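The values are calculated or read from the model by the stated rules, or taken from the named source; none is laboratory data. Remember, it's a predicted structure, so these values are computed and weren't measured experimentally. For neighbour counting, all protein chains shown are included, and Cβ atoms are generated from backbone atoms with ideal geometry for every residue, glycine included. Remember, those area values only see protein heavy atoms, side chains included, never the ligands or the DNA or RNA. Shrake-Rupley method; radii C 1.70, N 1.55, O 1.52, S 1.80 Å.
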Amino acid sequence: MTELVTLSIDGKQVTVPKGTLVVDAAKQAGIDIPVFCYHPKMEPAGMCRMCLVELGRPMIDRATGQPVLENGQPKIQWAPKLETACTNVVSDGMVVLTRSEKARAGQQEILEFLLTSHPLDCPVCDKGGECPLQNLTLDYGPGKSRFLYNEKHHAEKHVPLGELIWLDRERCIQCGRCVRFQRLVAGEPVLAFDERGRDTEIITNSEPAFDSIFSGNTTDICPVGALTTADFRFGARPWELKSAASLCAQCPVGCNITFNTRREAKSGGRVVIKRVMPRQNEEVNEIWICDKGRFAYHFTESEARLRQPLIRRNGQLQPASWEEALDLAAAKLKAAGKDALILAGGRLSNEDLFNLKKLADGLGAQSVLYTHVGGGDLVTQIGLASGTNLADLGKGDTILVAACDLYEEAPIWWLRVKQAADRGATLIVVNARATRLDKHAGYVVRYAPGDETVTLQGLLKQDKIGAAIREAGNLLVFYAADGLDLNGSTSVAAACANLLIETGHFGRPNNGLIGVWPHANDQGAWEIGFRPEADLAAALKGKTVYIAAADPAGDDPRLAKALQDAGTVIVQELFQTATASLAEVVLPAAAYTEREGTFTSGERRVQRYYPAVPRWAETKADYVITAEIGQRLGLDLEAGAPALVFNRLTAEITAFAGLSYRKLAEVRPQWPIVGRADLYYGGTTYENKQGLGVHLAAAASAGESPHLPEVRKGSGPRPQEDALLAVPVTKLYDLGVTVRSSVLLEARIGLPAITIHPLTAEKMGLKAGEKAMIGLGGHENEVLVKLDETIPAGVALVPRSMGLPVSAPAPLSVGKAK
Amino acid sequence: MSLAEKYPEEIKRILAKYPPEHKRSALMPLLYLAQREKGYVDNHAMNEIAEMLEITPTEVAAMIGFYTLYHGEPAGKLRIQVCVDLPCALRGADKFLADLCANLGIEPGGTTADGLVTVEPVMCLAACDKAPVFQTQGPDGIAYHENMTVEKTMQLVEALRESGKEVK
């Protein structure tokens, strides 16, 4: 039980846990103390002096140790000067006055002083309308300044801190929130103060500049318009924007976001997304999002989106009506019957996937999930249970990250795992190469490619690591497919599941297995019954294939070949992908921003997203398209509304039992309080009023005992003496359909590059940054060469979704560029 | 040539003074070493030091920015740093600075055309009673020059021009 302390703030009795800061205690009691540098997610700095208050403590008689009484009341010893509420910790009997004449005078003077070097260019400032300095000036500031500076402080107004964030040095009040966020929260100290006194300014010297994947968050917590995103800068005034609650669709974390939209002449009278803001969910993303989530949404409104159905006539894809396209698709599927195959991607919602599964079941066809990460069935059994919050993990707990580059694959999980390690959790990183997480790990275990499962199986036999796993209060295991294909990843999942089951870490909160999927809703697909196919090319042979939200032909030339050899191909997509170009029928789908739905995150939390913008051209939502095909086949599929599909899903799939859209929309009070009128406190993150989501019930928490999965004995391919082995790795900014449309990220996506050991490079006569020709899967590609001395010799890291055909470890030849 | 190539022994000696988990503490002496080279720390050296200490180049630059005796930009061979705080100003430091600059044909903060001398106004050198006072920073280290006149200063500059060495 935490010890409680009672104090008085503005005459109100407040009881808070010992150790609480005065500024937070006041906030909990509904009393706002103005702040600039203090942020509830970071340690106080006491730099800006805005939170000055009168502070007194009961006087203690030295002889008796008892409080001195005056007229029967404890006598208060007032601090001689005003004190900062952000650096003082509460104590019993403390008396705080936040709005007394003296306190107000202090606050006014600080504001007056800050404004002497502030340009007051609110009419052209992007922060205008949601600016803490603007608001506090109105609330606390003097109407006039007593300073008569002819020369106002002038500084550079347009400083790009990299391609994503701009700095206005004149507006900066040197609160250091951005510097401290980068150092304390993101662990990427690439911002700092240069000079001092009135010359203090923010700098970045990293290469590329402001080299962080969390940089956008600094614009949310910046209390003035000093930091703005290249995306929203001069884009709109905050008060013109409407907001729609949504989820980020880029990775399986399921960050809660808000789309800010506006109807504008510039976009031909369309309602368009102007920016992405984080939405608070302390159990998922707290109040942060990564830059991919913030800057890669442009795919949803790309001009390249499919506008209408297409049918192949005389060898050419030509526009058709929905009736024609749906009739043709239905006829082809009907003719194929159980020889049809449904291939779905994890970008689809639970509702879309449910309808697709029902359609497959109706046809007697196979329903396949398109993914390179396996083991979702194990996650269903021993995945995370309700009540899980990564923020609860700390001393005594253990987190294992296996065959996964969490930083590139799921940034916010990386952030939260790192913070758990900062709080004292034991972090074990098991991988074939170094990743950004190693720095924060207690134990780093490296294996040679092919030894991944053996290594994981042997962990319990190691003294310290074995104990850290066995004796962990809570044990979380993240796994993916770093350097592996589907088979390798399935084995890793099984080995990880065994660790959890053997040591009894499952079926309760904060324990279990997490698949780091390539998409937002792969876990949902597993729950609904989709399974990946180890040999997809063989499975496609002769089938009538209905592909939704996946681009196998674009990823792998062998799959393109397999699709050419397949029967009919029906593709439901956002874009004219390589796969769509091979199709007989192309069905244009609505983006997730244009409709409602739910995703199941890797933590097995089901969350809702809401429509943000109207549907593009003639597109239809995926679940509607599938339902309309189903109806033509005499199947009873729901096309009415996602909520209705969801009701059917909950009735049929045990894990979803008891859920409803209403339940997913429930909220609870969260700390810190953000997004209200007092934007100075937590930043411009949106308050969550639309739902925190609900965890699926894990089979294990319902009392079912999980079966120990069999771990594949054989190993993946190993590098050979005289040939390089290409292994697939995931890159945060790649050329996937959901990223490449973002112009902002072009530089960060960069050119396709392979990474090899310096000795390998030397042997081949290659240097870092040079171009080389690689031969992979019978194709030649030009790539850049990068060096990394932590990777095994004989191995080349080849990024997925960068136009290089790498779906599995495979031999690679490297030569000089032509 | 990198610092590591040029001063391997000295770097080793500096790093050995700090426990490996706190090796970032070696930043100050390493910057001092790097600055000895050209009178300022260039980007190349900043990156090299950052890599050596496993911190970001931004953190190195911030340290150079914070301390007035580290410089991130090139300047003259000798930096003449004139104190212009209030007590010194009362003893004529302001006028001294203006006159000295006029004599050298530069603005405060500027460098003479031959790249020999840079004159900079600075804050508090803790020698108010001996103002006008300046401090010189150059290849031979740091030295104080008290109760100065423009004439005496010009002699000092001339001597430096002829000998290439600073006259103490």
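When A:Pro189 is tested against the conditions (1) open to solvent by 50 Å² or more (accessible area, probe 1.4 Å); (2) in a loop (DSSP other than H, G, I, E, B); (3) not β-branched (Val, Ile, Thr), the lone failure is (1). Consider the range A:230-269 and keep the residues that are farther than 21 Å from A:Gly346 by Cβ and among the hydroxyl-bearing types (Ser, Thr, Tyr). The one that is most open to solvent (accessible area, probe 1.4 Å) is A:Ser243. Of the residues A:Leu241, A:Leu310, the single one that is at negative phi, hydrophobic (A, V, I, L, M, F, W, C) and touching a Lys or Arg at 6+ places or on another chain (Cβ under 6 Å) is A:Leu241.
Would you check which residues across the range B:51-63 are assigned to a helix (DSSP H, G or I) and within 8 Å of chain A (Cβ to nearest Cβ) and list them? Selection gives B:Pro57, B:Thr58, B:Glu59, B:Val60, B:Ala61, B:Ala62. Consider the range B:64-83 and keep the residues that are more than 12 Å from every other protein chain (Cβ to nearest Cβ) and hydrophobic (A, V, I, L, M, F, W, C). The one that is farthest from the chain's Cα centre (by Cα) is B:Cys83.
Mind checking whether some residue in the range B:35-43 is in a helix (DSSP H, G or I), under 19 Å from A:Asp211 (Cα atoms), within 12 Å of chain A (Cβ to nearest Cβ) and open to solvent by less than 40 Å² (accessible area, probe 1.4 Å)?
The answer is no; no qualifying residue exists.
Consider the range B:141-168 and keep the residues that are in a helix (DSSP H, G or I) and charged (D, E, K, R). The one that is most open to solvent (accessible area, probe 1.4 Å) is B:Glu162.
The set of residues from the range A:787-801 being surrounded by 17 or more Cβ atoms within 10 Å (Cβ to Cβ) and over 16 Å from A:Leu751 (Cβ atoms) comprises A:Ile791, A:Pro792, A:Gly794, A:Val795. Considering only residues in the range A:567-588 that are touching a residue at least 60 places away in the same chain (Cβ under 8 Å) and in contact with a Ser or Thr (Cβ under 6 Å, 6 or more places away or on another chain), the one that is nearest to A:Ala245 (Cα to Cα) turns out to be A:Pro588.
Within the range A:470-493, the residues that satisfy the criterion of being under 21 Å from A:Leu437 (Cα atoms) and in a loop (DSSP other than H, G, I, E, B) are A:Ala472, A:Asn474, A:Ala480, A:Ala481, A:Asp482, A:Gly483, A:Leu484. Put simply, of A:Leu804, A:Leu784, A:Leu759, A:Leu751 the only residue that is open to solvent by 70 Å² or more (accessible area, probe 1.4 Å), of a type in the set (A, V, I, L, M, F, W, C) and either over 15 Å from A:Leu724 (Cα atoms) or not assigned by TED's automatic domain parsing to the domain that holds A:Thr738 (or both) is A:Leu751.
For (1) open to solvent by 20 Å² or more (accessible area, probe 1.4 Å); (2) more than 27 Å from A:Ile203 (Cα to Cα), each residue gets a yes or a no:
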| site | (1), (2) |
| --- | --- |
| A:Leu133 | no, no |
| A:Leu136 | no, no |
| A:Tyr140 | no, yes |
| A:Phe147 | yes, yes |
| A:His153 | yes, no |
| A:His158 | yes, no |
| A:Leu167 | no, no |
| A:Glu170 | no, no |
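Among the residues of the range A:184-197, those that are at the interface with chain B (Cβ under 9 Å from one of its Cβ atoms) and over 23 Å from A:His118 (Cβ atoms) comprise A:Glu188, A:Pro189, A:Val190. Taking the criterion of being assigned to a loop (DSSP other than H, G, I, E, B), touching a helix residue (DSSP H, G or I) at 6+ places or on another chain (Cβ under 7 Å) and not small (Gly, Ala, Ser), the residues of the range B:113-140 that qualify are B:Leu116, B:Pro132, B:Val133. Consider the range A:100-128 and keep the residues that are open to solvent by 50 Å² or more (accessible area, probe 1.4 Å) and out of contact with any strand residue (DSSP E or B) (no Cβ under 6 Å at 6 or more places or on another chain). The one that is farthest from A:Thr685 (Cα to Cα) is A:Glu101.
The condition (being crowded, with 19+ Cβ neighbours inside 10 Å, modelled with pLDDT under 95 and not assigned by TED's automatic domain parsing to the domain that holds A:Pro252) is satisfied by just one residue among A:Ala583, A:Ala655: A:Ala655.
Residues of the range A:270-299 that are open to solvent by 20 Å² or more (accessible area, probe 1.4 Å) and among the hydrophobic types (A, V, I, L, M, F, W, C): A:Val271 alone.
Counting only residues that are part of a helix (DSSP H, G or I), in contact with a helix residue (DSSP H, G or I) (Cβ under 6 Å, 6 or more places away or on another chain) and either modelled with pLDDT under 95 or small (Gly, Ala, Ser) (or both), how many does the range A:624-652 have? Residues that pass the stated criteria total 3. For the range A:198-228, enumerate the residues that are in a helix (DSSP H, G or I) and away from chain B (no Cβ under 13 Å). The answer is A:Asn217, A:Thr218, A:Thr219, A:Asp220, A:Ile221.
Within the range A:375-389, does at least one residue satisfy the condition of being over 16 Å from A:Val624 (Cβ atoms) and without any contact (Cβ under 8 Å) to a residue 40 or more places away in the chain? The answer is no; no qualifying residue exists. Do we find a residue being open to solvent by less than 50 Å² (accessible area, probe 1.4 Å) and touching an Asp or Glu at 6+ places or on another chain (Cβ under 6 Å) anywhere in the range A:67-79? The answer is yes; a qualifying residue exists.
When the residues of the range A:356-409 are filtered to those that are of a type in the set (Gly, Ala, Ser), within 25 Å of the chain's Cα centre (by Cα) and farther than 22 Å from A:Ala494 by Cβ, which remaining residue is surrounded by the fewest Cβ atoms within 10 Å (Cβ to Cβ)?
In this case the residue turns out to be A:Gly387.
Taking the conditions (1) in a loop (DSSP other than H, G, I, E, B); (2) in contact with a Leu (Cβ under 9 Å, 6 or more places away or on another chain); (3) in contact (Cβ under 8 Å) with a residue 40 or more places away in the chain in turn, B:Pro108 satisfies each one other than (3). Scanning the range A:476-520 for residues that are buried (at least 24 other Cβ atoms within 10 Å of the Cβ) and charged (D, E, K, R) yields a total of 1. Looking at A:Ala434, A:Ala467, just one residue is open to solvent by 20 Å² or more (accessible area, probe 1.4 Å) and not in a helix (DSSP H, G or I), and that residue is A:Ala434. Among residues of the range A:20-40 that are over 14 Å from A:Gln107 (Cβ atoms) and without any contact (Cβ under 8 Å) to a residue 12 or more places away in the chain, none has a Cβ under 8 angstrom from a residue that is basic (Lys, Arg) and open to solvent by 10 Å² or more (accessible area, probe 1.4 Å) at a sequence gap of 6+ or on a separate chain.
The residue that is farthest from the chain's Cα centre (by Cα), among those in the range A:689-705 that are modelled with pLDDT under 90 and open to solvent by less than 20 Å² (accessible area, probe 1.4 Å), is A:Ala700.
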